[in-house]
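Input: a single structure, listed below in structure tokens.
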2 protein chains.
Amino acid sequence: MKPPDFLADVAAACEPCLDGLLADGEVPADLAAAMRHSVLGGGKRLRPALCLAAARACGAADAQTRLLPAACAVELIHAYSLVHDDMPAMDDADLRRGRPSCHRAFGEAVAILAGDALQALAFEVLARPLPGVAAADQLAAAAILARATGPAGMCGGQALDLAATAAPPDDAGLWRLQAMKTGALLGASLRIGARLAGAGGAAFDCVAACGERLGEAFQITDDILDVTAADASWGKARGSDARAGKVTAVSRLGLEGARLRADAAAAAAAAALEPLGAAAASLSELARYAAGRLW
Amino acid sequence: MKPPDFLADVAAACEPCLDGLLADGEVPADLAAAMRHSVLGGGKRLRPALCLAAARACGAADAQTRLLPAACAVELIHAYSLVHDDMPAMDDADLRRGRPSCHRAFGEAVAILAGDALQALAFEVLARPLPGVAAADQLAAAAILARATGPAGMCGGQALDLAATAAPPDDAGLWRLQAMKTGALLGASLRIGARLAGAGGAAFDCVAACGERLGEAFQITDDILDVTAADASWGKARGSDARAGKVTAVSRLGLEGARLRADAAAAAAAAALEPLGAAAASLSELARYAAGRLW
């Protein structure tokens, strides 16, 4: 499945924006280099694209220029999580996007700090006034991002993932783990976009429902790709989950069962957007892509 | 010097507030335990006290009840920074406040996540609407906290500190390191309090000036205490800076020179508050205490 044009457009727009956010003369050189290494020059920028597409779906036709820094804040959170996930005490990954992981390139101490600093920078960026956005909406967006990032979201999911190696979770535990580790930030990307577009009530709920099912479909697709994808297009070694003894959607449901569940979630994600009509076209296309990559 | 009553009052008020913030049923048990271990049962709560005293100085007489969660957000940031500073790749500390450090008690992976989660929780708490605070002021407070925490603040200071072992900084480099590593969050505590009290213009500037000089005095006092304090009252082994080969205010200026500089900074911190009159009494007392502990 070909990536939608909207995704490529957002990725192109994010690059100079992220570059600017990471060019702060007050930041010590080593730390700045580690942060730039971890953010720039790679990544599909799916989360910013989901954020901006959600804003468009809620009526902010000019989201891509006006709200771009906020969308990049979500990407900074994603980048920080990868830096810390790669640490020796966590997944112990030497490579990330085909280059040395942050701790391999800069040492563990700087990698801890770079991750910490990227998280703080994300909130700094999201707290800077955005044109045409009410302060209350921006504060709500910051709360959404923080909740999705923290102990009841992504951090919590990573903690469950660590514990899962020693004590494999049951089905409910697996879906909870996946919802927190991956789904929380993906879902938050959409809700942040909606909130920054000033959406409340029904429109916000449509986008939130889409985000929840999209997150589910995305993670199951990840599990499927780990089994089926050609190494080159997938970017990591096929079968790494099985070798690590991880419980996944595929190990639980089988390949065909996982596909059915991902398809159902993707269909539900798209269906949730129907009340928003044509404004949701980009988001709908992204949701189908995120859920159905490569098959 | 006896700690001011206001500090003890705030510490007593913070404990149940922090306990409540760390009792979220959505958080996995291991992670929750590591976060609670790192925050509860210790700490003078100086930063929350500075935040609330600054709010009172700017006219929020009821700050201690109304703004308490925001003050605790600053403490969560402080606690996260201690967890990560103690990591083996950083200061490699086995003990913190007389108990095992987070990574000794829960392992490195959980300690990384606990620090990450505490940072996110701080921003979640600060983004929750506070009674009587305009959303724009709260957003500004979040921006202040994020800036002080991130790569141009505390994280950057820690990066400079790491680099200082290999290449000792000159005087300007040392003051920059100290201003970022310690001063940024202390100063932010005051400015956040002022902003949440709705202060702008001259009152905010008074508090900001106080915070800047207070941070300087506090860190120099830390350097002095490392040389002079009895182990029991100081809480860490005397002379640890010198053994680690650290450049400090004392190694640069000598003990007497450091005392003079700390005194001057403390006097400037108190003088900055004069235009605020009696409302600034608690803050002024705290500033003198923070700068002049134990001598």
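Read-outs: derived from the displayed coordinates by stated rules, not from any lab. Remember, it's a predicted structure, so these values are computed and weren't measured experimentally. A quick note on method: Cβ atoms are made from the backbone with ideal geometry, for glycine too, and the neighbour counts reach across all protein chains shown.
Structure summary
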{"read-out": "Length released on extending from residue B:171 to residue B:136, taking residue separation times 0.36 nm less the Cα-Cα span", "value": "8.8 nm"}
{"read-out": "The stretch A:100-148 and the stretch B:95-114: distance between their alpha carbon centers, rounded to Å", "value": "24"}
{"read-out": "Over chain A, relative contact order from alpha-carbon pairs under 8 Å, at least 6 apart, %", "value": "21"}
{"read-out": "Whether chain A is rounded, prolate or oblate, judged on the alpha carbon gyration tensor where a/c under 1.5 counts as rounded", "value": "oblate"}
{"read-out": "Label point distance in nm, residue B:105-residue A:227, each placed 7 Å from Cα along Cα→Cβ", "value": "4.1"}
{"read-out": "Karplus (6.51, -1.76, 1.60) ³J(HN,Hα), θ = phi - 60°, over the stretch B:74-83, in Hz, Gly and Pro reported as x", "value": "4, 5, 4, 5, 4, 5, 4, 5, 5, 4"}
{"read-out": "Chain B, helix-only ellipticity at 222 nm - DSSP H runs n ≥ 4, -39,500 (n - 2.57), divided by all residues, nearest 500", "value": "-22500 deg cm²/dmol"}
{"read-out": "Overall form of the stretch A:150-211 per C-alpha gyration tensor (a/c, 1.5; a/b vs b/c)", "value": "prolate"}
{"read-out": "Residues whose placed amide H lies under 5 Å from that of residue B:96, excluding near-sequence neighbours", "value": "B:101"}
{"read-out": "Average Cα contact separation per residue, the stretch B:170-295, under 8 Å, 6 or more apart, as relative contact order %", "value": "29"}
{"read-out": "Estimated dipole of the protein assembly as shown in Debye, rounded to 20 [Cβ of Lys and Arg +1, of Asp and Glu -1, Cα centre]", "value": "280"}
{"read-out": "Inter-copy separations for residue A:61, label at 7 Å along Cα-Cβ, nm, ascending", "value": "5.3"}
{"read-out": "Three-way shape call for the stretch B:93-136 based on the alpha-carbon gyration tensor, with the a/c threshold at 1.5", "value": "prolate"}
{"read-out": "Residue-wise HN-Hα coupling along the stretch B:18-23, computed from phi with Karplus coefficients 6.51, -1.76, 1.60 (Hz; x: Gly, Pro)", "value": "4, 4, x, 5, 9, 10"}
{"read-out": "Close Lys-Lys pairs in the protein assembly as shown, where close means Cα under 24 Å and separation is 8 or more or interchain", "value": "14"}
{"read-out": "Net charge over other residues, Cβ less than 13 angstrom from the Cβ of residue B:196 (K, R count +1; D, E count -1)", "value": "+3"}
{"read-out": "Rough spin-label spacing in nm, given labels placed 7 Å along Cα→Cβ, for residue B:205 and residue A:271", "value": "6.1"}
{"read-out": "Net charge contributed by nearby residues that have their C-beta within less than 13 Å of residue B:168 (K/R +1, D/E -1)", "value": "-2"}
{"read-out": "Per-residue ³J(HN,Hα) for the stretch B:136-145, Karplus 6.51 cos²θ - 1.76 cosθ + 1.60, θ = phi - 60°, Hz, x for Gly and Pro", "value": "5, 5, 5, 4, 5, 5, 4, 5, 4, 5"}
{"read-out": "Nm distances between copies for residue B:97, ranked from closest, using label points 7 Å along Cα→Cβ", "value": "3.8"}
{"read-out": "Protection proxy ranking, peptides A:16-23, A:85-92, average beta carbon neighbours within 10 Å, highest first", "value": "A:85-92, A:16-23"}
{"read-out": "Farthest positive-ward along the stretch B:1-127 dipole, Cα basis, beta-carbon charges - from B:80, B:51, B:93", "value": "B:51"}
